[in-house]
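So the structure is just underneath, and the comments pick up after that.
The values are calculated or read from the model by the stated rules, or taken from the named source; none is laboratory data. Computed from a predicted structure; not experimentally measured. No Cβ is skipped: glycine too gets one built from the backbone with ideal geometry, and neighbour counts run over all protein chains shown.
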Amino acid sequence: MRIYHGHILSCDDQNRIYQYLVEDEGLIQFVGDSLPPEYADVPVTELGDKALLPSFADTHLHFASMSLFHAGVNVMKARNNGEIKARLREFLPKTRAKVVIGFGASPHSVEERHLLSRVDLDEVSADRPIMVVKYDGHACIVNSALIAVLPSAVRSLRGYNADSGEMNQEAFFATTDYVSSTVSLKELVIDMQKAIDYMASRGIGLMHSVSGVGFPKDIDVDLERFVGRGSEGGFQTRIFFQTMDTGKVKKRKLPRIGGCFATALDGCYGSTDAAMIDPYVDSENHGVLYYSDETVTEFCKKANRMGFQIEMHAIGDAAFNQATRALKAALDDFPRDDHRHGIIHACLPTPEGIAICRDYKIQIPLQTSFINWPQEPDWYLRSILGDRESRLTPLRDFVDNGIVISAGSDSPCTDPDPMLWIHNAVNHPVREQALTVAEALRMATYWGYWTTFDEKKRGSLETGKVADLVILGANPFAVSPETIRDIPVETLILGGRPYTGQKKNWLILVLRGLLSKKKI
């Protein structure tokens, strides 16, 4: 049993702040302002200027891909292509990987204003295969050594470009499939363990992973199931299968379907293929809707009737409208009171789509990491969207319409960083769209757990719930809003115990996951 005394931020339905929390055997036994006498002899942890709150939830990431790329070299902060090449050269002797992976290259955050090329990567290494993945996860650049070993069928796919080395669309997916096939099962599981530890270091106790792309035979989905169930220290995993094949999901007894890629309705702004009602600036390009309205609606109707929770990727306003219409049609066809269907990203929502989300209780797992994002800066977004740039990620519009919003990283596209999510929500560049600190904290905690029906056990500091807690180095209510992102995450506590990492042998962990009945 342990008592915490200080700033106890409950993140409950009234955002109450208490002075005491009592934990025993992994559960919260008491929260309040006056400590009952029966706890007089219990050890007390004095928080001082620090704050205790629920553990964070990352409600949208690609776990297998994040694990694979996290084992490579992150080039997101490089400010020119020469620096990217230098980081790759430095990394080469440190890895035994058959394909050296870099991640996070952006033409918008480097001085040259263009991606590296095959020739650039050949200068880094002529004999070791290299793949540098674009920041949005929808394209990559490869060197000649990698082109030489790719399956010959890749050459006939859309998006294949040997001259520049840039792989897009189907060629990108096929390249990713090949690269992932060079990673052993042991290596991938160990990478997953390290990725969980990394998220835990940021105070994250629950992840929602969208899986089913980039790995042969959907092995990423199965591995995530086993690693998620076998993981140590109380870390929680919930999986959305990125497919429109409901049979695959039913076979694995998963309750959720959707995500990106196979259930993405459009592209992204980085490739100007997010689907737009009006064309991009100085262009006739409206982006791409990957599916017809009929296809999306029939998918939603079938999945909804089967009782699945549905989430779909929609970035542009045309895709957002398509998603809302399809979910509305599915719920009109087969009403469900507590479905918790969602639209991922929802970067440029429309008034009519917001009204559907409000009336049909459709939730939004969004990414405040995209606000002031160096990889996709405001000047670039204005250049392609014009005045529409100011309407991106309208947090206040969602909240004032009673729409549940939660926070995710879309990792590996952005780094899992809950303090940045909260910071950007409070410091939204369009001031009337900003959230209060209390709203932003609840977005990053309670609503993330609520999204996958976990709110009865976790997500807020209330008597009877699991003691999944985070200690922050400062109280977010006591600092300047402009400095929230600088608050350190000091300790993650899951089930009442400080998180100590994934230490089991990789094979034992997988076998444990095969036998476990833990919620996934």
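Counting the residues of the range 43-84 that are β-branched (Val, Ile, Thr) and closer than 30 Å to Asp220 by Cβ gives 4.
Residues in the range 448-507 that are without any contact (Cβ under 8 Å) to a residue 40 or more places away in the chain and touching a Pro at 6+ places or on another chain (Cβ under 9 Å): Thr491 alone. For the range 206-222, name all the residues that are more than 17 Å from Lys519 (Cβ to Cβ) and assigned to a helix (DSSP H, G or I). Pro216, Lys217, Asp218, Ile219, Asp220, listed by residue number. The residue that is surrounded by the fewest Cβ atoms within 10 Å (Cβ to Cβ), counting only those in the range 451-467 that are part of a loop (DSSP other than H, G, I, E, B) and out of contact with any strand residue (DSSP E or B) (no Cβ under 6 Å at 6 or more places or on another chain), is Gly464. When Gly342, Gly316 are checked against the criterion of being touching a residue at least 40 places away in the same chain (Cβ under 8 Å), farther than 23 Å from Thr272 by Cα and buried (at least 24 other Cβ atoms within 10 Å of the Cβ), a single residue qualifies: Gly342. Restricting Leu185, Leu223 to residues that are touching a helix residue (DSSP H, G or I) at 6+ places or on another chain (Cβ under 9 Å) and either under 27 Å from Met312 (Cα atoms) or modelled with pLDDT of 95 or more (or both) narrows the list to Leu223. From the list Phe308, Phe261, the lone residue that is among the aromatic types (Phe, Trp, Tyr) and surrounded by fewer than 21 Cβ atoms within 10 Å (Cβ to Cβ) is Phe261.
Among the residues of the range 94-112, the ones that are surrounded by fewer than 16 Cβ atoms within 10 Å (Cβ to Cβ) and in a loop (DSSP other than H, G, I, E, B) come to 5 in all.
Scanning the range 6-20 for residues that are under 17 Å from Phe477 (Cβ atoms) and more than 30 Å from the chain's Cα centre (by Cα) gives Gly6, Tyr18, Gln19.
If the condition is being part of a helix (DSSP H, G or I), farther than 16 Å from Asp13 by Cβ and either more than 19 Å from the chain's Cα centre (by Cα) or β-branched (Val, Ile, Thr) (or both), then the range 421-450 contributes Ile422, Val426, Arg431, Glu432, Gln433, Val437.
Take the conditions outside the structural domain of Asp177 (by TED's automatic domain parsing), of a type in the set (Val, Ile, Thr) and in contact with a helix residue (DSSP H, G or I) (Cβ under 6 Å, 6 or more places away or on another chain) and apply them to Thr45. Does it pass? No; evaluated as a whole, the condition is false for this residue. Considering the range 386-420, and only residues there that are acidic (Asp, Glu) and part of a loop (DSSP other than H, G, I, E, B), the residue that is surrounded by the fewest Cβ atoms within 10 Å (Cβ to Cβ) turns out to be Asp415.
Of all residues in the range 21-56, those satisfying the criterion of being over 24 Å from Gly233 (Cα atoms) and part of a strand (DSSP E or B) are Gly32, Gly48, Asp49.
Among the residues in the range 319-334, are any assigned by TED's automatic domain parsing to the domain that holds Arg442, free of Cβ contacts under 8 Å to residues at least 12 places away in the same chain and either surrounded by 23 or more Cβ atoms within 10 Å (Cβ to Cβ) or within 23 Å of Gly287 (Cα to Cα) (or both)? No: the range 319-334 contains no residue that is assigned by TED's automatic domain parsing to the domain that holds Arg442, free of Cβ contacts under 8 Å to residues at least 12 places away in the same chain and either surrounded by 23 or more Cβ atoms within 10 Å (Cβ to Cβ) or within 23 Å of Gly287 (Cα to Cα) (or both).
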